[in-house]
Structure formats: C-alpha cells, structure tokens
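The values are calculated or read from the model by the stated rules, or taken from the named source; none is laboratory data. Source: prediction; values computed, not measured. Glycine gets a Cβ as well: all are built from the backbone with ideal geometry, and neighbour counts include every protein chain shown. Surface areas here come from the heavy atoms of the whole protein model, side chains and all, with no ligands, DNA or RNA. Shrake-Rupley method; radii C 1.70, N 1.55, O 1.52, S 1.80 Å.
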Amino acid sequence: SLSKLQLKTGDLDPRLFSRLRHLQKLDLSDNLLDKFPNSLTLPDLRVLNCNNNKLEDVTALKQFPLLEELTYENNVYLTLNDDYKVMFLLQNLRLLNGKDITKLANHVRRVNSQKLTSKVTAHWKKFFSDQLPEKYTAEQVKSIKKKFLKSVQTNVVYGPSSLSEFTRWRVKMIAEEFLANSLGLELNSDTEPEEKTDEDEEESTESPREAAEEVAPVGDVSSYISNVTVTPSKRKRNHSKSSPGKKRSKTQANTEEEAEEDVSAEPLHFLQCHSKGNSREDFKTQLWSCVFEPVIDSGARKDPIVSSSRTVATCGGESVCLIDCETGTVLKKYKVATEEFFSVAWTTLTMVLSDSRKKAHNILAAAGRRGIVKLIHVAADFCYGEIKAHKKPIATVCFSPTQETHLFTASYDKRIALWDIGIPDCDYNFKASQLLVLETASIPLRIALVPTCPEQYLLAGCEDGCFAWNIKLDKGQKSRPFEAIFQFPSEESLTTSHRVDGLAFLNDDVVVSKSSKPGCIYLWSWSKSFDAKGKGCQRTMSAVILAELEWSTTDMSYLTLSTCPAKEYVFCGDEKGSVWMYNLSTYTSGWGSAKGKRSERRISPTQILTWPELRVNGEQPPEILVNNVVADPAFTYLVVLTSVNITAIWKKS
C-alpha cells in the first residue's frame, strides 16, 4: 500500500518497481499521479487501485497484462472512452471500478474490433487502393499513409458519439496494422511528437523527477561490432553493405592486426552502442559528441598508469552512453525515445547528502534536437531534472571551468544562453535560472571560453563567422550582441563570412579553428587578435594567424576538431575515417614570445591514423565520416565518433 503519500508520477522509480517481480496487489489511491511511467514492469500484478488521483491517460496500463481488478474512480480527467481502452488493452480484466465487465469487454475486444476492421478495409478499397502505383517511392508511400490515416479516423464511425474518442483511437491502431500487415507498408513509429510552439511560452525547468521515467539506465550493453578483422593500414574505399553477426568476446581474440607502418596508437575497441532500438543493423545513427569524465575520488575510473579518467560520455541518436575506454564496457546508457542528442558536458557539483555531509559528484548535461537539457547524476543512475532551454535544437553545451553551476547552451534559435543549473538537494530538488542571452547573427556551432578569462569572454564558431562576446555578469545587460567578429584570409583578401565548424583552445592563448576553406585549419592568437581596449560592440578584428595546419581538401562540413592542451596536440577527423594528429610542442614556445612570428609553411600532420580495414562479417561498413575525435587529458585514449554508429577507441602505444 502506497496510499495517501502525496506521490507524483516521478516518484514511481522504474528501477525500484522493476525489481518487484512477484507483486500482485498495489494500492496507489489518494495521491497526485497524472500518468503511469511506461517501464514499471510489474509482471505479476493482478489488482491495482488508483482512486483519487489526477490521471489523464490509461494506455500505459497495458504494461500489466495479468491485471484482473482495476479501480480508478475520482480521476476527473478519465471518461467512458478510457474504460473502453482498458477493456481492450487488458485481456484478463474482470472487474473495473467494482463492476464485472467480462461480457462487455469480450464485445469490445471481438465484435467491436471486427466491425471496425471491416470498415477500415472497406475505406481503403473504396478510396485509396488505386492511388498507390505498382512501383512507388518512399515519398509516395509516406504521403498516402498520412492521407489514409487522417481520412479513416475522420470517416469511420461506429457506436454512440460518446465513444468517438475510443473509436478514433482503435481505428488508427487497426489502420496502422492493416497497412503494415496486408500491404507490407511499415509505418515509421519514430515520428517526432508535436512540440508546443507557443511563442510566449517561457523557458522553464522541471524538478525534481518529472523526466525520470523517460530516461532509463541499462545494464552492461557493450555492443561490439562482431567478427571484426582490424588492419591498421590504408583503407580501401568500398560501398558494400555490412551486417553484424554474433557478439564477440571482450578479449577480442579474433582481432588481427597487421601493422604496415609505425602506429603510435592502436585500435582497442569498436562499439555499436547507440543503435536505434538496439538494432545490430543500425549503421546510420550519427554520433556527435564525447567528453571524458572529470576525475574525483568517486565516480570516474582512473587509468592505473596515469591520473586521468578512462570513462567517456558519448552521445548520438536517442541515447547517451558512458564507456570504460580500457575494457570497452558500456557502463551506463540513457535513452529518450523522442530525442536526438547532439552534445554532452560534465561538471562536478558539491552536493549535500541526507546526513548533511558534503560530497563531490559528477553531473552530466545532455542536449539535442528538442532544445531540452537533461541533467543526469551518473553515480546514482538518475536523470534528476531538465531545463527547457530553447524552442529549437541545441547544437552544443559547455560548463564554465570556474563556476561549476554555470552552463552555456548554443541553439539553432541563434542564441547562446547562460544558465545557473543550481545544486540539487538530497531529494534532487533544484532551481535553474537564466543569467544571460547572447544574440548571434547565425547558428552557433562550437563555443569556447577564453582560458585566461573564462568569466569575461566567450568565443563561438557559427554558420557565418567567428564571434566573441563579453559575458561578465556585473554588466547588468541581460541580452547582448557580439562584441567582435574576426576576419580570416580568403582567396584574395580577408573575410568574416564563413562557416566555422571547429573551435578550441590549444593553450591559454592559441585558438584552433576550422572553416569552410578546404584543406586548412588555422591557429591564431587570442591576445594579439582581440582588442579589449576598443569601445563599442560588433567591431571587426583581424585574426592574427600563427600557422596553418594541412588537412583534408574535403568541403564536407561539421567534422569538428579538438585539442589536448597538456600534450599540445590537435586532432581532426576526415571524410574517409582517418584521424589527423598534430604534435605542436615544438612550435608553441616560438608563438608565445613577444616577437612570435607566423610559421611560413603549412604544418603537416605528425601522423594520420587511417581507419582500419574493418570487416564486419567479411564486409566493410559504408563510407565513414569522423564527426568528432577526443583524447583524454593525458592522451592515453583517443575516442573517434563516426557517421555510421561506430565508436572507435584507440590507445596510445
């Protein structure tokens, strides 16, 4: 009995309830529940009481297939239509709100379903069967499905008008089954839900646990690419399709390495852990962002040789994964079915525990297409809240290195927002607030805080240039235009207008940026380029170029770069699965001197790690783009994220 406890939906923790394998009776009456989480998984539940709540929907009850007795009286939003839905969904239901419904339920499941099925079929034959040509395109199928579903729900009528909502619900279900089974037209169930687009809707936060039911941690879901042959040699280009087979052992004993060159890093693991619906056939999910977990006494696994973390958070598709780079184990996995994650970032918060002790915990922020930031307390396996930060997708997020609760979110709405995410209490209550909005002229793609003054200046690479803002909070002005736009060399002259899709600091002063000029990565000086003494906003400044790095001549965008400041390395992947590595330790002291001169010649990569001859069941995966590549702070591991749902982990020899 969990009656009269003021319980809200978020308090029903799926991780706890899923362990109650033999629970048969559950009393949740006199609480504040507005819906049921989808994954309580009580496989033996027979009796459920949820009287006097605020339930709005009953369809989640289908997860209790053995339910025989159900009461939900005094839930003001539930109607006769909901009674019919549960009768259809729960095949063993005998008593509903104290009444025997066996006879009526049989009628609903059989007679009602037969009538509606014949009406749906007749509607297709009469109005739609001749609209589909013998040879049809995916676009034609999509269009006709949409028209048919709309038409059939509008026109197929059966029973009293008081049941019209239930009838439409069943008609849609039957029509989808009909299209899939009779015609072989599989329906995409992954269409995005309609988002509210009310322009006046305020950005808001939810706390503490509203988001808990949609983000579920999974056990060890290491999903290796199976039957792999790895050869760190020049990769042959091949367009053959691939399909993975059986899961291989973690020792990867069947990996063959034939080193044809001096390889300073060797391939360790190839993981396929972001698959949609855990499908092994998924070589389409794009992987976008990865960040190594900060090392604290608890939480991150340290590498035994260096004092650096070996756990990395990766994101792509509907999931965020936490991976142990040494073993290749996927330690945690969080999924949000309607999301596509683009960015992750770590911070370490000092939280007060229930016994009033203080302890440092790593918190992961994850964001993407829905414009919502998920806040995950990784050690507790718990997504404790979310911030509705933007109405459009979030391209990237980053935390301030000096203010642990300050989070920047850069969005397709052409704004970069600064949030204070607060510190959750022992019950995970937290309060987030927006501190600042930076107006951008075009979509921001990459952001970086200036290392010497991270509370004063932020740099952003955008679709149409590289910009800087003054972010000092004592200025009063909450919404700010950019302070400077930087000019770079172009074919004949200088230009400010170009896509900057790679941006990072190599050290306190040297900025590394990649633009749409093919084959070139620029290194330039922040201090020599930015004139802090000048007055006014939106000033144009020339980037003082220190060097150019030779890179792929592709015009492919969004293949981003990263740096390893402690080892003075720059990394950037290309359109052929290769990783270009630049060791710049011999150059940096010269650039830093007062007379620091520009390197005249383009600097070639120290080494190019070519994508291994990776054969999955004897075939190669499709064309591979490296979207991102990141090293841990000590450069022990290199994590490579691709466009084909493969995370490759290399280890420095």
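Of the strands (runs of 3 or more DSSP E) contained entirely in the stretch 446-496, those carrying at least 2 residues that are in contact (Cβ under 8 Å) with a residue 24 or more places away in the chain and closer than 24 Å to SER433 by Cβ fall at 457-462. Flag: LEU435 matches the condition of being farther than 30 Å from ASP355 by Cβ, open to solvent by 20 Å² or more (accessible area, probe 1.4 Å) and in a strand (DSSP E or B). Answer yes if at least one residue in the stretch 456-464 is within 18 Å of PHE505 (Cβ to Cβ), out of contact with any helix residue (DSSP H, G or I) (no Cβ under 7 Å at 6 or more places or on another chain) and surrounded by fewer than 16 Cβ atoms within 10 Å (Cβ to Cβ), and no otherwise. Scanning the stretch 456-464 turns up at least one residue that is within 18 Å of PHE505 (Cβ to Cβ), out of contact with any helix residue (DSSP H, G or I) (no Cβ under 7 Å at 6 or more places or on another chain) and surrounded by fewer than 16 Cβ atoms within 10 Å (Cβ to Cβ). Can LEU26 be described as more than 18 Å from LEU90 (Cα to Cα) and either more than 30 Å from the chain's Cα centre (by Cα) or touching a residue at least 40 places away in the same chain (Cβ under 8 Å) (or both)? So LEU26 fails the test. Sort through LYS533, LYS567, LYS528 and tell me the only one that's outside any strand (DSSP E or B) and closer than 15 Å to ARG598 by Cα. Within the list LYS533, LYS567, LYS528, the selection yields LYS528.
The selection criterion, being open to solvent by 10 Å² or more (accessible area, probe 1.4 Å), under 19 Å from LEU271 (Cβ atoms) and under 22 Å from the mean Cα position of the chain (by Cα), holds for VAL630. Scanning the stretch 29-48 for residues being surrounded by fewer than 19 Cβ atoms within 10 Å (Cβ to Cβ) and either part of a loop (DSSP other than H, G, I, E, B) or touching a residue at least 40 places away in the same chain (Cβ under 8 Å) (or both) gives a total of 10.
List the residue pairs whose Cβ atoms are under 9 Å apart, where the first residue sits in the stretch 605-616 and is under 13 Å from GLY573 (Cβ atoms), the second is among the hydroxyl-bearing types (Ser, Thr, Tyr) and open to solvent by 20 Å² or more (accessible area, probe 1.4 Å), and the two are 6 or more positions apart or on different chains. Listed by first residue and then by second, the contacts come to LEU609/SER264. Total residues in the stretch 18-71 satisfying the condition of being small (Gly, Ala, Ser) and either at pLDDT 95 or above or under 18 Å from ASN97 (Cα atoms) (or both): the figure is 2. Selection over the stretch 120-130 of residues that are open to solvent by 10 Å² or more (accessible area, probe 1.4 Å) and touching a helix residue (DSSP H, G or I) at 6+ places or on another chain (Cβ under 6 Å) gives a count of 2. Against the conditions (1) modelled with pLDDT of 90 or more; (2) touching a Lys or Arg at 6+ places or on another chain (Cβ under 7 Å); (3) assigned to a loop (DSSP other than H, G, I, E, B); (4) on the phi < 0 side of the Ramachandran plot, ASN75 satisfies every one except (1). Filtered by the rule that a residue be of a type in the set (S, T, N, Q), at pLDDT below 95 and open to solvent by less than 20 Å² (accessible area, probe 1.4 Å), the stretch 340-398 gives a lone residue, ASN362. Applying the condition of being open to solvent by less than 70 Å² (accessible area, probe 1.4 Å) and not in a helix (DSSP H, G or I) to the stretch 93-119 and asking which residue is nearest to ARG46 (Cα to Cα) yields LEU93.
The single condition from (1) more than 17 Å from LEU561 (Cα to Cα); (2) in contact with a Lys or Arg (Cβ under 7 Å, 6 or more places away or on another chain) that TRP526 fails is (2). In the condition set (1) under 17 Å from SER479 (Cα atoms); (2) out of contact with any strand residue (DSSP E or B) (no Cβ under 8 Å at 6 or more places or on another chain); (3) not hydrophobic (A, V, I, L, M, F, W, C), THR452 is compliant with all but (1). Put simply, of LEU546, LEU559 the only residue that is touching a Leu at 6+ places or on another chain (Cβ under 8 Å), in contact (Cβ under 8 Å) with a residue 40 or more places away in the chain, open to solvent by less than 70 Å² (accessible area, probe 1.4 Å) and not in a loop (DSSP other than H, G, I, E, B) is LEU546. The residues in the stretch 135-184 that are over 30 Å from the mean Cα position of the chain (by Cα), among the aliphatic types (A, V, I, L, M) and in a helix (DSSP H, G or I) can be counted, and the count is 8. Of the numbered criteria (1) touching a helix residue (DSSP H, G or I) at 6+ places or on another chain (Cβ under 7 Å); (2) free of Cβ contacts under 8 Å to residues at least 60 places away in the same chain; (3) open to solvent by 20 Å² or more (accessible area, probe 1.4 Å), the one GLU568 fails is (2).
Taken over the stretch 605-627, the criterion of being of a type in the set (Val, Ile, Thr), part of a strand (DSSP E or B) and open to solvent by 10 Å² or more (accessible area, probe 1.4 Å) is satisfied by ILE608 alone. In the condition set (1) under 27 Å from ALA380 (Cα atoms); (2) in contact with a strand residue (DSSP E or B) (Cβ under 7 Å, 6 or more places away or on another chain), VAL47 is compliant with all but (1).
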